[in-house]
Amino acid sequence: MVAAPPPVVLAYGVGVDSTALLVEKVARGEAPDLVLTADTGVEKPETYAYLDVIGPWLRSHGIRHEIVSYTPKRFKHWPPYYSLLEMALTNATLPSKSLGGSSCSLKYKKAPQDAFLRTWQPAIDAWARGQRVVRLIGFDAGKRDTIRYSHAATIDDPLYDCQYPLREWGWDRVACERRIEAEGLPVPPKSSCWFCIGMTPDEVRALPSWCLRLIVLVEARAAPRLRTVEGLWRKTTRARPGRMSDFIRWEVLLPAAEIDAIERDAPLDLIRFQDVAASIPLEERPTMRDWLDRFNAGLKEAA
């Protein structure tokens, strides 16, 4: 009796590379069994909007698409948090990449996908047969992704057979964009969190005001604990300052008075909120989202 083939899962970041990989695999009659997207809670607004584009396309091709997110089980500092932004504010820190690490990607992208697959029956059955689940990853053949691939290729995962079709096809980002356009789909924006160190100055300029205000808040909240970096962009260079807040101020992307008010008042109000939350019974305790809703509402009233 011939064993069933292992299931194929596409790690879909809703960006250019993974979208081109998806489109081409379907065109070749090799559609993945599952498309899996990890939502950090702070993807760029354009990325969330693109889900409304790719969602109908996936459904029209009969492909299952699941969106998962990281759910922490323990909290170092209260109140509870459920996104990368809420974690940074609760713990008075910056995303790991701004501090020189990479755990934000592992915790908020890879970990929730792995957790879902541990409950997905085709994966469970494949592992029971001694097979590895095929995981498609959209690293292209360009210089930047070649560096990422060089590291990823050294990792031997007993549960997953990671494959990189774009590299096998020799496709760089331009080739990926052309393939998406040929499919009749709009090209998605570069996928990243809107307060990631990888954001370019032009990408920050394009952010809506509510994102800019939260960037100022994150850096102000973390500032007292920063020792080796200046802010979300780490160190000042000729191209940009180490703090995104300084860039926002210099470019007048927000009024200076609004930036001053956030930096002066919001961190202290947040600390008071955390102190009060810690005294409330666990089952009744408010979450960081409750405070953020109040913060955003206050800014709208002041505008």
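Among the residues that make up the range 249-258, is at least one of them in contact with a helix residue (DSSP H, G or I) (Cβ under 8 Å, 6 or more places away or on another chain) and within 16 Å of residue 87 (Cα to Cα)? Break it down stepwise before answering.
Looking only at the range 249-258, we keep the residues that are in contact with a helix residue (DSSP H, G or I) (Cβ under 8 Å, 6 or more places away or on another chain), and these are 249, 251, 253-254, 256, 258.
Restricting the remaining residues to those that are within 16 Å of residue 87 (Cα to Cα) gives none.
No; the residues of the range 249-258 include none that is in contact with a helix residue (DSSP H, G or I) (Cβ under 8 Å, 6 or more places away or on another chain) and within 16 Å of residue 87 (Cα to Cα).
Where residues in the range 134-174 are of a type outside the set (Gly, Ala, Ser) and in contact with a Leu (Cβ under 7 Å, 6 or more places away or on another chain), which of them is surrounded by the fewest Cβ atoms within 10 Å (Cβ to Cβ)?
Step one: of the range 134-174, the residues of a type outside the set (Gly, Ala, Ser) are 134-137, 139-140, 143-149, 151, 154-169, 171-174.
After this cut, where a residue has to be in contact with a Leu (Cβ under 7 Å, 6 or more places away or on another chain) as well, the list is 136, 139-140, 163, 165-166.
Values: 136: 22, 139: 22, 140: 27, 163: 14, 165: 19, 166: 27.
Step by step, filter the range 134-174, then rank; the result is 163.
Please verify whether residue 166 is in the same structural domain as residue 58 (by TED's automatic domain parsing), aliphatic (A, V, I, L, M) and touching a helix residue (DSSP H, G or I) at 6+ places or on another chain (Cβ under 6 Å), treating the condition exactly as stated. First the steps, then the outcome.
On the way: in the same structural domain as residue 58 (by TED's automatic domain parsing): yes; aliphatic (A, V, I, L, M): yes; touching a helix residue (DSSP H, G or I) at 6+ places or on another chain (Cβ under 6 Å): yes.
So residue 166 passes the test.
Of these, 74, 64, which one is among the basic types (Lys, Arg) and at pLDDT 95 or above?
Working: 74 fails: at pLDDT 95 or above.
When all the criteria are applied, what remains is 64.
Within the range 29-48, does at least one residue satisfy the condition of being loosely packed, with under 15 Cβ neighbours inside 10 Å and among the hydrophobic types (A, V, I, L, M, F, W, C)?
no
Among the residues of the range 164-190, which ones are assigned to a helix (DSSP H, G or I) and in contact (Cβ under 8 Å) with a residue 40 or more places away in the chain?
Across the range 164-190, the qualifying residues are 165, 166, 169, 173, 175, 176, 177, 179, 180.
List the number of the failed condition for residue 115; all other conditions in (1) modelled with pLDDT of 90 or more; (2) surrounded by fewer than 20 Cβ atoms within 10 Å (Cβ to Cβ); (3) in contact with a helix residue (DSSP H, G or I) (Cβ under 9 Å, 6 or more places away or on another chain); (4) outside any strand (DSSP E or B) hold.
Single failed check for residue 115: (3).
Considering every residue within the range 75-91, establish whether at least one is under 30 Å from residue 269 (Cα atoms), touching a strand residue (DSSP E or B) at 6+ places or on another chain (Cβ under 8 Å) and not in a helix (DSSP H, G or I). Quick ask: steps written out before the conclusion?
To start, the set of residues in the range 75-91 that are under 30 Å from residue 269 (Cα atoms) comprises 75-91.
In the following step, the residues that additionally are touching a strand residue (DSSP E or B) at 6+ places or on another chain (Cβ under 8 Å) were identified as 84.
Among the residues that remain, those that are also not in a helix (DSSP H, G or I) are: none.
For the range 75-91, residues under 30 Å from residue 269 (Cα atoms), touching a strand residue (DSSP E or B) at 6+ places or on another chain (Cβ under 8 Å) and not in a helix (DSSP H, G or I): absent.
Answer yes or no as to whether residue 140 is acidic (Asp, Glu), assigned by TED's automatic domain parsing to the domain that holds residue 25, without any contact (Cβ under 8 Å) to a residue 12 or more places away in the chain and not in a helix (DSSP H, G or I). Talk me through it step by step, then tell me what you get.
Details: acidic (Asp, Glu): yes; assigned by TED's automatic domain parsing to the domain that holds residue 25: yes; without any contact (Cβ under 8 Å) to a residue 12 or more places away in the chain: no; not in a helix (DSSP H, G or I): yes.
For residue 140, the condition - acidic (Asp, Glu), assigned by TED's automatic domain parsing to the domain that holds residue 25, without any contact (Cβ under 8 Å) to a residue 12 or more places away in the chain and not in a helix (DSSP H, G or I) - is not met.
Any chance the range 186-203 includes a residue that's small (Gly, Ala, Ser) and either touching a helix residue (DSSP H, G or I) at 6+ places or on another chain (Cβ under 6 Å) or modelled with pLDDT of 95 or more (or both)? Before the answer, list the steps.
Within the range 186-203, the subset small (Gly, Ala, Ser) is 191-192, 198.
Applying the additional criterion that residues be either touching a helix residue (DSSP H, G or I) at 6+ places or on another chain (Cβ under 6 Å) or modelled with pLDDT of 95 or more (or both) yields 191.
Yes, the range 186-203 has at least one match.
So, residue 215, is that one free of Cβ contacts under 8 Å to residues at least 60 places away in the same chain, outside the structural domain of residue 96 (by TED's automatic domain parsing) and closer than 24 Å to residue 96 by Cβ or not?
On the way: free of Cβ contacts under 8 Å to residues at least 60 places away in the same chain: yes; outside the structural domain of residue 96 (by TED's automatic domain parsing): yes; closer than 24 Å to residue 96 by Cβ: yes.
In short, yes.
Residue 213 - would you say it is modelled with pLDDT under 95 and among the basic types (Lys, Arg)? Talk me through it step by step, then tell me what you get.
Values: modelled with pLDDT under 95: no; among the basic types (Lys, Arg): yes.
Judged against the criteria, residue 213 is not a match.
Let me confirm something: among 194, 233, which residue is under 21 Å from the mean Cα position of the chain (by Cα), under 20 Å from residue 19 (Cα atoms) and not assigned by TED's automatic domain parsing to the domain that holds residue 25? Walk me through how you get there before you give the answer.
On the way: 233 fails: under 20 Å from residue 19 (Cα atoms).
Among 194, 233, only 194 is under 21 Å from the mean Cα position of the chain (by Cα), under 20 Å from residue 19 (Cα atoms) and not assigned by TED's automatic domain parsing to the domain that holds residue 25.
Condition first: surrounded by fewer than 23 Cβ atoms within 10 Å (Cβ to Cβ) and either small (Gly, Ala, Ser) or more than 19 Å from residue 97 (Cα to Cα) (or both). Now tell me which residues in the range 221-240 satisfy that.
Scanning the range 221-240 gives 222, 223, 238, 239.
Has the range 268-287 got any residue that is assigned by TED's automatic domain parsing to the domain that holds residue 209, under 20 Å from residue 194 (Cβ atoms), surrounded by fewer than 18 Cβ atoms within 10 Å (Cβ to Cβ) and in contact (Cβ under 8 Å) with a residue 40 or more places away in the chain? First the steps, then the outcome.
Of the residues in the range 268-287, the ones assigned by TED's automatic domain parsing to the domain that holds residue 209 are 268-287.
Going one step further and asking which of them are under 20 Å from residue 194 (Cβ atoms), we end up with 270.
Cutting the leftovers down to surrounded by fewer than 18 Cβ atoms within 10 Å (Cβ to Cβ) gives us none.
No.
The values are calculated or read from the model by the stated rules, or taken from the named source; none is laboratory data. The shown structure was predicted, so the numbers you read here are calculated from the model rather than taken from an experiment. Reconstructed Cβ throughout: ideal geometry from the backbone, glycine too, with neighbour counts over all protein chains shown.
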